[in-house]
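Input: a single structure, listed below in structure tokens.
Every number in this text was worked out from the coordinates using simple rules, so none of it is lab data. Since the model is a prediction, treat every value here as computed from it, not as a measurement. Counting neighbours? That spans all protein chains shown, and the Cβs are built from the backbone with ideal geometry, glycine included.
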Amino acid sequence: MVIWSQQATTAFFTAADQMALHPAIKTRLQADGITAVEDLGDFTKESLIAISKACERDTNLGAHFGQHSLQRLIVAAEAVRYYKAVGRDIEPNMMKWAPLLKNFQKGMQALESLMSKTEPDTPKISKQLPVMKWSQAFATVLKRCYGTRKIPLAYVIRGTETPVAPAPALAQNQAYSTEYGSLIAELTARASHTDVNFQEDNSLVFAKLEEATRGTQYAASIKPFEKTNNGKAAYKAIMKHHVGEDKWSKEITKNDHLLHNLKWKSNGNVTMERFIAQHRHAYQQLLAASEYVTHQLPDSYTRVSYLLQAIQTTDPDLCAAIANIKKDKTDEGMRRDFEAASAYLQESDPVAQRLSGQKRPAGEISMIEAGTGNNNVTVAAFKSGIGKTGVHLRFYAQNEYRKLSSAQKQELKEWRGTPEGKAAVAKSKSDREKRQKVNVSSLVEKELTKRLKTIENEKAESVSAKASFKDAIVSALQDLAADASTTTTPTPAVAPQRLNSKILSSILAKAATKKNDN
């Protein structure tokens with residue numbers, strides 16, 4: 001426990017760059033129970049407003065309780081509650097108004113905004129989403145659902161009940177550490193399970209588990225915890241009964257191998273950012289598995305070592321960046337900070353510079369070498385094309401999209417907003433349009449060929465019919481000529497009529513014979 005000196009406490013409440021309260025107002029706060037900085041954690045926004053109004057009505061004070069002081073006190077009280085929730089001892093440098101508490105205020109406003117949004121649907125355990133994949137999707141959903149403590153419900157199913165001490169050092173001018181990267185992430189990772197309101201959040205998680213297992217064989221695993229609404233115990237029971245240690249062990253082996261052996265070459269087509277994302281994902285998988293199987297997780301120094309050892313390059317800028325990271329060995333230096341080292345390396349990425357302006361769709365395969373020593377083996381590595389809810393990250397036709405769950409639609413929407421998602425959707429649409437054009441062209445060509453063949457057949461039949469009719473006329477005339485040579489010449493009065501009738505009868509008979517023959 002850090003003990004604040006009287007001088008530090010007075011400066012916090014009265015200094016112009018801090019709470020800027022008049023000394024008389026500070027004395028009045030003591031009467032209301034605010035003697036030390038940590039006492040602010042017991043006062044809500046409403047109660048501080050009430051105190052400020054009371055001070056304004058007290059004519060004996062002879063001092064004004066300014067609105068800017070009130071707003072700063074409200075933020076400071078929220079910061080005290082936050083620090084206590086994540087298990088931090090509050091030191092004077094953690095309560096500086098500018099810029100730390102001002103940044104904290106913006107972070108809490110963002111948190112309030114997220115809390116006001118509609119919660120995502122709870123993923124259901126199914127054949128398409130088996131327990132191991134479901135557990136990750138369920139944890140992701142809980143990160144976007146908030147309980148009574150303004151903390152993502154994901155903290156309830158966390159393995160450790162109390163925060164690991166000591167807490168990591170704060171990032172510069174921030175109320176959270178670089179290791180966690182945000183207020184929300186630090187709350188999720190470090191919020192205690194011993195708080196009086198934990199049980200309320202625990203009950204909310206149980207309700208979501210009941211929804212996820214309803215009508216399935218997994219419902220029996222959570223039945224013993226129904227009376228107490230113990231969501232944490234129910235979740236552990238599902239994982240224990242249906243995801244054995246052997247599966248987690250395989251997950252550890254796979255991701256541990258990736259951290260040790262996956263190589264990155266600066267003359268390839270995989271950017272440093274994507275390669276680092278693979279390292280980060282592998283570590284998160286190890287972290288998840290370590291809650292069920294005993295495994296020594298690599299610390300930040302070791303993670304940076306794995307990353308630097310994986311890089312194979314002769315690029316001068318990148319080599320200089322690697323050298324600078326190795327030299328920065330202070331407690332807060334890049335050599336001991338994976339995220340800081342990652343950000344620094346990406347600034348000198350020759351692949352990203354070469355591919356600037358080019359977009360590659362998600363799931364596109366790139367070549368990365370993996371192996372140990374001199375026995376490198378080329379393997380295909382690619383960003384997973386399946387989201388945490390089990391949705392395939394690709395373009396969907398309307399009839400396909402309607403069949404997705406709300407959680408899958410939400411994840412798909414978020415992915416489409418990323419640069420890779422936009423590029424992938426655009427390419428999918430383009431490919432689909434090309435296939436449609438090819439199909440239409442093929443159908444048109446097929447139909448046209450069929451029609452032309454029909455016309456040719458009809459034309460051939462017409463020609464054949466005309467030829468047959470002509471042959472019939474010629475044959476009839478020849479027969480008549482033969483008859484005329486053997487008979488007496490008819491009288492002029494009747495010869496034309498008899499001749500025409502005989503010719504017509506002969507032509508029709510011949511034509512009918514020809515038609516039947518054809």
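Laid out as a table, the results:
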{"quantity": "Loop-resident sites, region 65-163, for GluC sites (Glu not before Pro), counting at most 16 other Cβ within 10 Å (DSSP)", "calculated": "Glu161"}
{"quantity": "Full-extension gain in nm, Lys247 to Thr27, via 0.36 nm per residue minus C-alpha separation", "calculated": "73.0 nm"}
{"quantity": "Length-normalised contact order of region 115-197 in % [C-alpha pairs under 8 Å, at least 6 apart]", "calculated": "25"}
{"quantity": "Unit charges on C-beta of K, R, D, E only; dipole of region 204-302, Debye", "calculated": "140"}
{"quantity": "Positive dipole terminus of region 6-115, leading residue within His64, Val86, Ile25 (C-beta point charges)", "calculated": "His64"}
{"quantity": "Difference of contour (0.36 nm per residue) and Cα-Cα distance, Ala207 to Gln172", "calculated": "8.7 nm"}
{"quantity": "Packing-based exposure ordering (other Cβ within 10 Å, fewest first) of His68, His281", "calculated": "His68, His281"}
{"quantity": "Rounded if a/c under 1.5, otherwise prolate or oblate - region 109-219, Cα gyration tensor axes", "calculated": "prolate"}
{"quantity": "Nitroxide proxy distance, nm - points 7 Å out along Cα→Cβ at Arg354 and Ile49", "calculated": "6.0"}
{"quantity": "Relative contact order for region 219-325, counting Cα pairs under 8 Å that sit 6 or more residues apart, in percent", "calculated": "29"}
{"quantity": "Entries of Lys133/Lys240; Lys124/Lys422; Lys117/Lys143; Lys106/Lys208; Lys45/Lys102 with Cα pairs more than 19 Å apart", "calculated": "Lys124/Lys422; Lys106/Lys208"}
{"quantity": "Extension gain (nm, one decimal) between Asn60 and Ala20, 0.36 nm per residue minus Cα-Cα", "calculated": "12.4 nm"}
{"quantity": "Charge dipole (debye, nearest 20) of region 6-115; +1 at Cβ of Lys and Arg, -1 at Cβ of Asp and Glu", "calculated": "220"}
{"quantity": "Cleavage-rule hits (trypsin sites (Lys or Arg not before Pro)) in region 232-341: DSSP loop, at most 11 neighbouring Cβ within 10 angstrom", "calculated": "Lys329"}
{"quantity": "Pairwise label distance in nanometres, Leu114 with Val293, each label 7 Å out on the Cα-Cβ vector", "calculated": "3.0"}
{"quantity": "Ranked Trp248, Trp134, criterion: other C-beta atoms within 10 Å, fewest first", "calculated": "Trp248, Trp134"}
{"quantity": "Rounded, prolate or oblate (a/c below 1.5 giving rounded, otherwise prolate when a/b exceeds b/c) for region 175-272 by Cα gyration tensor", "calculated": "oblate"}
{"quantity": "Order of Cys319, Cys145 under a 10 Å beta carbon neighbour criterion, fewest first", "calculated": "Cys319, Cys145"}
{"quantity": "Qualifying trypsin sites (Lys or Arg not before Pro) for region 70-142 [loop in DSSP, other Cβ within 10 Å: at most 16]", "calculated": "Lys96, Lys117, Lys127"}
